[in-house]
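Below: the structure, in structure tokens.
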Ligand code: GLA
């Protein structure tokens, strides 16, 4: 069972005592297609998932922030006028988000509360974006700030880029803030325009956690990003979003072979993602599934961000009845794959994939069948008029 309001209430009463004012939630995400395209100003097609980060909080009359971090079973606190970056623990996401909100020009109130979540960490399901967006939602409630999801997504991304120090794109924070129930969002990462696309009838999205965690991910991520940005600059483009497959074919000779493959992934993936949104809108799960498989192959062979565990998981998923398509999801090098499965077969599929994967790799997998949820919101409030 996931976390719900009563679980948050219970933890709040054990740890903080007394009444809470708000309970807020921000979801993790799974990306259906459009990988490593966001920082190239391209397209992504993620959906918010049932797993989320929750905060139960009570406003304070001063500028202290006290957080019981469930993952560490301890209280952390800081003063909004004296924040320093220390280490990489969960509290840094809270501080970083407070810092970024202040950068945005907001005056913040303190609060105390509990922070808990069930988005697995480092699994490619955006636990850190969910934490930043949940914390932004908590500060917005305690400080009576207007909740503008798109703006708050950018605030959360700045926290990740400049406080936590990870050069991620906008996808994760944006879907966590703006997700729509029953839908994925086609996000144009240049204009930040979001178009909701309904999940096809009769299919389930199944998340397949390989049980492996990304090792080299941060440095490899930054290298990929740099290769993309320098190629765009070399071609005189603002971003690889502006390159077509034909133009790439004509100019590939100017690039070394590895860079040419990296760029081919990005350009092809953008085209696949736009097409995926179209066929999904028409309820065509078969074509959507085929595009997911092509995406995986491109990430594996051209962008080289997959792993043996991810490849095994995808292969096992694709060999099951009722599976339309499967691919690695998120930054890569470990974490999760995502599969699109006939709804009536999803439970069987989950069981079979898990046992075959365990047998073949010796790793312990986890499988989540998930619907698409709404983005961050205040789930319960005790303060009228907020
Ligand atoms: C991570 C980043 C995103 C995106 C994906 C790859 O999740 O946080 O911005 O770049 O990797 O698609």
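The numbers here are math on the coordinates, done by the rules we state, and not lab data. Bear in mind the structure is a predicted one, so any value in this text is a computation, not a measurement. For neighbour counting, all protein chains shown are included, and Cβ atoms are generated from backbone atoms with ideal geometry for every residue, glycine included.
Under 16 Å from a label point set 7 Å out along the Cα-to-Cβ vector of residue 261, the amide N atoms of the stretch 286-301 belong to 295-301. Global size of the stretch 33-132: 15.3, 45 Å for Rg and Dmax (C-alpha atoms, Rg to one decimal, Dmax whole).
Oblate is the label for the stretch 129-197, because the ratio a/c of its alpha-carbon gyration tensor axes (a ≥ b ≥ c) is 1.5 or higher and a/b is not greater than b/c.
Compute the whole-percent fraction of alpha carbon pairs in the chain spaced more than 38 Å apart. Show your work: numbers first, answer last.
Values: 13817 of 74305 pairs.
That tail contains 19 percent of the Cα-Cα pairs.
For the residues 319, 298, 176, a GNM of the chain with alpha-carbon springs under 10 Å puts the largest fluctuation on 319.
Quick check on the chain: helices-only [θ] at 222 nm, where DSSP H runs of length 4 and up contribute -39,500 (n - 2.57) each and the sum goes over total residues. Nearest 500, please. Mind showing how you got there, number by number?
Numbers: 11 runs with 150 residues, N = 386.
It lands at -12500 deg cm²/dmol.
Summary of the geometry: the stretch 199-263 and the stretch 336-356, compared by the centres of their Cα atoms, lie 28 Å apart. Over what distance in Å are the Cα centres of the stretch 81-131 and the stretch 28-46 separated? That distance is 23 Å. Relative to the longest principal axis of the Cα atoms of the chain, the long axis of helix 127-142 lies at roughly 30 degrees. Note: relative contact order over the chain, using C-alpha pairs below 8 Å and six or more positions apart, is 24 percent.
Calculated FRET efficiency, residue 251 and residue 9, Cβ-Cβ r, R0 56 Å, to nearest 0.05? Please report the intermediate quantities before stating the final value.
Details: r = 59 Å, r/R0 = 1.06.
Approximately 0.40, to the nearest 0.05.
Extension gain for the segment residue 147 to residue 161, taken as residue separation times 0.36 nm less the Cα-Cα distance, is 2.9 nm to one decimal.
Comparing 52, 129, 227 in a Gaussian network model of the chain, where Cα atoms under 10 Å apart are tied by springs, the biggest mean-square fluctuation is seen for 227. With respect to the chain, whose longest principal axis is taken over its alpha-carbon atoms, helix 346-361 is tilted by about 80°.
Once the piece of chain linking residue 297 and residue 274 is laid out straight, how much longer is it, given 0.36 nm per residue of separation minus the C-alpha distance between them?
Numbers: separation 23, 0.36 × 23 = 8.28 nm, distance 1.76 nm.
Result for the pair: 6.5 nm of gain on full extension.
Relative to the longest principal Cα axis of the chain, at what angle does helix 257-281 sit, 0 to 90 degrees, rounded to 10? Its long axis makes an angle of about 70 degrees. Placing pseudo-labels 7 Å out from each Cα toward the beta carbon at residue 192 and residue 380 gives an inter-label distance of 3.2 nm. Between 156, 26, 271, the GNM of the chain built on Cα springs shorter than 10 angstrom shows 271 fluctuating the most.
Cβ-Cβ distance of residue 218 and residue 104, R₀ of 22 Å, FRET efficiency by 1/(1 + (r/R0)^6): the value works out to about 0.30.
How big is the convex hull of the Cα atoms of the stretch 203-370, per residue, in Å³? The partial results should precede the final answer.
On the way: hull volume 19.0 nm³, N = 168.
Per-residue hull volume (Cα only) is 113 Å³.
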